[in-house]
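We did not get these values from a lab; they are worked out from the coordinates using the rules stated. Everything numeric in this text was worked out from a predicted model, so none of it was measured. Cβ sites come from the backbone with ideal geometry, for glycine too, and all protein chains shown count toward neighbours.
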Amino acid sequence: MTTQLLNGNLLAKEIKNEISNIIEKKILNENKRMPHLGIILTGNNSSSITYVNNKIKECKNIGIQYSLIHLPINTLENKLLEEIKKMNRNPYIDGFIVQLPLEKHMNQDKIILSIDPKKDVDGFHPENFGKMSLGMKAFFPATALGILTVLERYKIQIYGKHTVVIGRSRIVGRPISILMSRKNYFGNSTVTITHSKTKNIEFYTKQADIIIVAVGIPKFLKGKMIKKGAVVIDVGIHNHENKILGDVDFYSVYGRASYLTPVPGGIGPMTRVMLLKNTLMAALNNRK
Ligand code: GUN
C-alpha cells in the first residue's frame, strides 16, 4: 500500500502565512501593538530548552514579540508563582506559557491554576480545558489543535471513524480524545483511549481507522499492530544515538498505513504554529 506522508513543515508554513496576513490586516493596518508571548522556563531539562528555543525562533520568524523568564534549577515554587502573577498583571503580555514538565518539588496543578485563563495560550487551565470539553470557545492545547488541523487540511475523514489514542496526558492524549469526539463539523469520531496500563493494546490498535500515538516510548507502534490503511499520527520525539525518533516504528508502519506523520517534520512544527495562533487570538481578544 502507498503511504502518504503528512507534511507538517509545509502545512505549518501555509498557516504561518495565514497568521501573518491576519497580523497585517488586524494589527498592523490598525496601528495596534504586535502580539506578545511570555514564556516561563524552569530548570535545565534539555528537551524543554530545545522546545522553548524553537518556540522563540517561530516568534521571531513571524514578528510576534516574546519575553523569556528562565528560572534556574531548584527555584522555589513561590518564586515561580510570583513570576506568573507578574505575567498575569503585565498588560503588554497577551498570553504566556509555563513550559512543562516542572521540577518534582513543584505542584503542577497549583501552578497551572494560578495562570489567568485569558492568557493561558497553552489551554491547560481547567477553565479552558472545561470549555473545550463542552464545545465552548477557549484556548485549545497546541499539539491537539495541530493534530486536528493536519487531519482537517489533508481532508482525512474522521466522522464516524474509530480513533485509538495511545496516551492520556493533559498535553496531548486527553485533549485530542475530547476534540476528535466532539459533536462538531470536524469531530464525531468514536474514540478509545489507551495508555501504558492497557492490556493487550494491539486488540485496540488493530481495530483503529486512526491511531494517535503519544505514549513517550520510541518506536512503540509497530506495523503489525495496525490494520492496513490506518491513518497514523506520531506525536513522539526522542533523541536516540544522534537520530530523532518518534513513538512510531516508521519503517514497519510505512507501506501499511494510508497516511503517516514523519518525525521530525510532522506534528512538531504544527504544535509550534498553533501556539502562535493562540497568541494571536489572545492579542485580538486583548485589543478589542
Ligand atoms: N511540554 C511539552 N509540550 C508542551 C506544551 O505544549 N506546552 C507546555 N507548556 N509544555 C510542554
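Which value results when the Cα radius of gyration for region 113-190 is divided by 2.2 N^0.38 Å?
1.07
About the Cα centre of the chain, how large is the charge dipole given +1 on each Lys and Arg Cβ and -1 on each Asp and Glu Cβ? Please answer in debye to the nearest 20.
My answer is approximately 500 debye.
Can you compute the FRET efficiency between ASN61 and LYS85 using 1/(1 + (r/R0)^6), with r the Cβ-Cβ distance and R0 = 30 Å? Round to the nearest 0.05.
With R0 = 30 Å, the Cβ-Cβ based efficiency is 0.50.
Using square roots of five times the C-alpha gyration tensor eigenvalues, list the equivalent-ellipsoid semi-axes of region 23-140 in whole Å, biggest first.
24, 19, 13
For the modelled label position 7 Å from the Cα of LYS227 along Cα-to-Cβ, which residues of region 157-198 have backbone nitrogen atoms closer than 19 Å?
Counting only backbone N, you get 157-166, 181, 188-194.
Taking +1 at the Cβ of each Lys and Arg and -1 at the Cβ of each Asp and Glu, which of CYS59, ILE39, ILE49 sits farthest along the dipole of region 19-98 towards its positive end, judged by Cα position relative to the Cα centre?
With unit charges placed on the Cβ atoms, the residue in question is CYS59.
In whole Å, how far is the Cα centre of region 200-217 from that of region 106-137?
27
What is the list of residues in region 248-278 whose amide nitrogen lies under 18 Å from a point 7 angstrom out from the Cα of LYS206, following Cα to Cβ?
253, 256-257
For region 1-49, what is the convex hull volume of its Cα atoms per residue in Å³?
Cα convex hull per residue, to the nearest whole number: 112 Å³.
Find how much the distance from GLU103 to LEU284 grows on full extension, using 0.36 nm per residue of separation minus their present alpha carbon separation; answer in nm with one decimal.
61.9 nm
Which three semi-axes in whole Å describe the equivalent ellipsoid of region 192-266, each the square root of 5 times a Cα gyration tensor eigenvalue, listed largest first?
They are 19, 15, 10 Å, listed largest first.
Taking the chain as the region of interest, what is the percent of Cα-Cα pairs per 5 angstrom bin, listed from the shortest bin to the one with the maximum distance?
Calculated P(r), rounded to whole percents: 1, 6, 12, 16, 18, 17, 14, 9, 5, 2, 0, 0.
Have a look at LEU284, ALA214, PRO101 and report the one farthest towards the positive end of the charge dipole of the chain, computed about the Cα centre with Cβ charges (Lys/Arg +1, Asp/Glu -1).
LEU284
Cut-off under 13 Å on the C-alpha distance; same-chain residues fewer than 8 positions from LYS104 excluded. Which aspartates and glutamates are left, in chain and number order?
Within the straight-line cut-off, LYS104 pairs with GLU77.
Would you mind checking the radius of gyration and Dmax of region 129-288 based on alpha-carbon positions, in Å?
15.5, 53
Among GLY187, GLY123, GLY95, which one shows the highest mean-square fluctuation when the chain is modelled as a Gaussian network with alpha-carbon springs under 10 Å?
Maximum fluctuation in the GNM of the chain, among the listed residues, is at GLY187.
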